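Step one of this worksheet: look at the structure below.
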Amino acid sequence: MSAPVLELRGVHAGYGRTTVLRELDLSVAPGEVLALVGPNGAGKTTLLRMASGLLKPQLGTVHVAGADATRQAPFRRAKGGLCLVPEGRGVFADLTVRENLRLQVPPWAESEDVTRALEAFPILGERLDQRAGSMSGGQQQMLALARCWLAKPACVLLDEVSMGLAPRVVDDIFAALKGLAAEGVALLLVEQYVDRALELADRVQLLERGRTTFAGPADQLDRDAVLRGYLGADVSHPSPQPTT
Ligand SMILES: Nc1ncnc2c1ncn2[C@@H]1O[C@H](COP(=O)(O)OP(=O)(O)OP(=O)(O)O)[C@@H](O)[C@H]1O
Ligand SMILES: [Mg+2]
């Protein structure tokens, strides 16, 4: 069996003297879709930032495609096959769609062709000369996601990419992600729509207060327990409800 595309072993991570993630193990096999769920503040974003190299672990190791990446910079890990789609819309508002797409092609790619991204999100092809900042929130999110098709990653880390979007747009985004997974790209999916994430996922890992409280096949997750975990969590910062 080939090495996991991403593997965290015994990781502790946090900010300053605060430890958020504790004794964390996580592994994503090639082509696998892993849903990472848990209440607000559980440490999901922290985990993705640490896995992609933006945050150093306090303890433990990170392996990318079998190689020790614990001390590797984000750029190196990206070259090794990781692609992070962070929270919020990571596009350059003043540049056109075409310019944004070109910037998403990594320097090590053999081709500067952006056709693959336009096949995933045809709307972008109709808007190539439009200023990215003047597009709708959903279109901007699709543009931010285009890098997943351009960087040829082995594993994409997605942080709440459906946040604040209309259900129809979320449908389009999930259909596109399903296509990406069908091409053999592994996904580590953090998602407020737990049901949608579980539909796509092979496995699920539940994070509560920085620790894993369940890891296994998506259909074996006790959804009531998840809901209790969510309700018992810090509800002073609830997830924003989707608007338009
Ligand atoms: N830059 C930071 N500095 C200090 N503490 C932080 C920082 N970012 C996050 N934290 C803290 O780390 C903990 C985990 O936050 P994180 O954003 O990883 O949670 P999350 O699971 O992504 O939550 P949500 O579902 O709300 O996005 C929280 O207690 C948060 O306050
Ligand atoms: Mg988060």
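The values are calculated or read from the model by the stated rules, or taken from the named source; none is laboratory data. Here the structure is a predicted model, which is why all the values come from computation and not from measurement. Using ideal geometry, Cβ is built from the backbone for each residue, glycine included, and neighbour counts are taken over all protein chains shown.
Worth pointing out:
- Checking E191, E199 one by one, the residue that is modelled with pLDDT under 95 and within 16 Å of ligand 2 (Cβ to nearest atom) is E191 and no other.
- Hits in segment 60-88 (condition: of a type in the set (D, E) and closer than 20 Å to D25 by Cα): D68
- Of V185, V169, V156, all but one fail to be in contact with a strand residue (DSSP E or B) (Cβ under 7 Å, 6 or more places away or on another chain) and more than 22 Å from G38 (Cα to Cα); the exception is V185.
Every residue, every condition in (1) more than 16 Å from ligand 1 (Cβ to nearest atom); (2) of a type outside the set (D, E); (3) modelled with pLDDT under 95; (4) closer than 22 Å to G125 by Cα, yes or no:
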{"position": "K44", "(1), (2), (3), (4)": "no, yes, no, no"}
{"position": "R49", "(1), (2), (3), (4)": "no, yes, no, no"}
{"position": "T61", "(1), (2), (3), (4)": "yes, yes, no, no"}
{"position": "D68", "(1), (2), (3), (4)": "yes, no, no, no"}
{"position": "R77", "(1), (2), (3), (4)": "yes, yes, no, no"}
{"position": "P86", "(1), (2), (3), (4)": "no, yes, yes, no"}
{"position": "V97", "(1), (2), (3), (4)": "yes, yes, no, yes"}
{"position": "L103", "(1), (2), (3), (4)": "yes, yes, yes, yes"}
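- Residues that are within 21 Å of G81 (Cβ to Cβ), more than 16 Å from ligand 2 (Cβ to nearest atom) and either of a type outside the set (K, R) or free of Cβ contacts under 8 Å to residues at least 24 places away in the same chain (or both) within segment 35-67 comprise G53, P57, G60, T61, V62, H63, V64, A65, G66, A67, listed in sequence order.
For every residue, the table says whether it meets (1) away from ligand 1 (no atom under 16 Å from the Cβ); (2) at pLDDT 95 or above; (3) not aliphatic (A, V, I, L, M).
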{"residue": "E112", "(1), (2), (3)": "yes, no, yes"}
{"residue": "L128", "(1), (2), (3)": "yes, yes, no"}
{"residue": "R131", "(1), (2), (3)": "yes, yes, yes"}
{"residue": "V156", "(1), (2), (3)": "yes, yes, no"}
{"residue": "S162", "(1), (2), (3)": "no, no, yes"}
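- Residue-level check: of (1) away from ligand 2 (no atom under 16 Å from the Cβ); (2) within 14 Å of G88 (Cβ to Cβ); (3) touching a residue at least 60 places away in the same chain (Cβ under 8 Å); (4) in contact with a helix residue (DSSP H, G or I) (Cβ under 7 Å, 6 or more places away or on another chain), L143 misses just (3).
- Residues of segment 66-87 that are small (G, A, S) and either within 21 Å of V105 (Cα to Cα) or in a helix (DSSP H, G or I) (or both): A73, A78, G80, G81.
- Only one of the listed residues (L187, L177, L165) is crowded, with 21+ Cβ neighbours inside 10 Å and assigned to a helix (DSSP H, G or I). That residue is L177.
- Filtered by the rule that a residue be buried (at least 23 other Cβ atoms within 10 Å of the Cβ), more than 14 Å from the chain's Cα centre (by Cα) and at pLDDT below 95, segment 1-38 gives a lone residue, G38.
- Among residues of segment 129-151 being surrounded by fewer than 17 Cβ atoms within 10 Å (Cβ to Cβ) and not hydroxyl-bearing (S, T, Y), the one that is nearest to the chain's Cα centre (by Cα) is G137.
- Of all residue pairs spaced 6 or more apart or on separate chains, those with beta-carbon atoms under 8 Å, a first member in segment 207-221 that is exposed (fewer than 14 other Cβ atoms within 10 Å of the Cβ) and a second member that is modelled with pLDDT of 90 or more are G216/R203; G216/V204; P217/D202; P217/R203; P217/V204.
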